[in-house]
Amino acid sequence: MRTTPHGWNPVRVIPVAISLIAALSTGCGNRYESAGLSREALETIAARAFDEGDWANSEILYTQLLFNYPGATDTDLYVYRLGVSDAGQRLWVEADFQFRRVIDEFPGSALADDARYQIARTFWLQKRDFRRDLTPVTRALEETAVFFEDYPGSSLTPRVEALRDSCLAHLARRSLFLGQFYERRGRHEAAMLYYREALEDYMGGDCLGELLVSMGGLYEKMNNAFAARSSYNRAISECGVTGDLLDKAEEGLSRVGGM
């Protein structure tokens, strides 16, 4: 089991906790009256804020539960929901820290696999346009690999597989974009490297048809009729390309001697 937290900055987390305590003492920003409540009553209003997606108040209330009742039976739940509340406010570092706490401090928790999934999802939510920084996507992909290794048979596997596929599609689109960039500049070898990366490393993602048509056109330019014909045929038979892509594939096949 991996226990090393990534991206946790205690200098940032501690002041946040202090500010939350101050907010609790003044009632500022908290529409839930929590003073003097029992643990059960406090859990009830915290769960209500969480279920309503009121992330700011959910964060405040679960922080209060953690401070007021250290060692409570449901501490793993408090920490997990605090992480979700932080993520809902785009407090990515804090969210990552709380999810890793669940995994590291409560490895036997029923929420441990969910926390690992949430770490990957938190990175994915920070993604930017595929033409820009890919670090959040590659980190999300790494975390899905950890999930599959550490939690085989988890009921969350379909969700993590879907997230992994989204990451691969994003990276494939990036490689296709770069391949087309270099092809337009006549740098055929560099372009083919990126096309093959999109196909072999990222399985083409949701742009497989466009990728195969692009590869077919580049193979033509490189005088490889057999590979061009194979790429065009795959685009038509496996991807069912339509519109302009279908026209390009059929025109390419007519040039390289196959339909």
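No lab work stands behind these numbers, since they all come straight from the coordinates. This one's a predicted model, so the numbers in the text were calculated from it and none came from an experiment. FYI the Cβ positions are ideal-geometry reconstructions off the backbone, even for glycines, and counts take in every protein chain you see.
Tabulated results
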| quantity | calculated |
| --- | --- |
| ARG48 paired with ALA225, simple spin-label distance in nm, labels 7 Å along Cα-to-beta-carbon | 7.7 |
| Förster-model FRET efficiency, 41 Å R0, ARG90 and GLU250, C-beta, rounded to 0.05 | 0.30 |
| Summed residue charge, Cβ within 13 Å of LEU253's Cβ, Lys/Arg positive, Asp/Glu negative | 0 |
| Residue order, fewest to most beta carbons within 10 Å, for LEU125, LEU77 | LEU125, LEU77 |
| Gyration tensor (Cα) of the chain, equivalent ellipsoid semi-axes in angstrom | 51, 17, 15 |
| Debye, to nearest 20: dipole size of the stretch 142-259, +1 on Lys, Arg Cβ, -1 on Asp, Glu Cβ | 520 |
| Unit charges at the beta carbon, dipole of the chain: most positive-side option, PHE99, ASN223, GLN89 | ASN223 |
| Cα gyration tensor shape for the stretch 172-256, rounded if a/c is under 1.5, else prolate or oblate | oblate |
| Likely footprinting exposure, TYR232, TYR151, TYR195, fewest C-beta neighbours within 10 Å first | TYR151, TYR195, TYR232 |
| Segment GLU161-GLU149, extension gain: residue separation times 0.36 nm, minus the distance between their alpha carbons | 3.1 nm |
| Bins of 5 Å, starting at 0 and running to the largest distance - Cα pair percent for the stretch 117-259 | 2, 11, 17, 18, 16, 11, 10, 8, 5, 2, 0 |
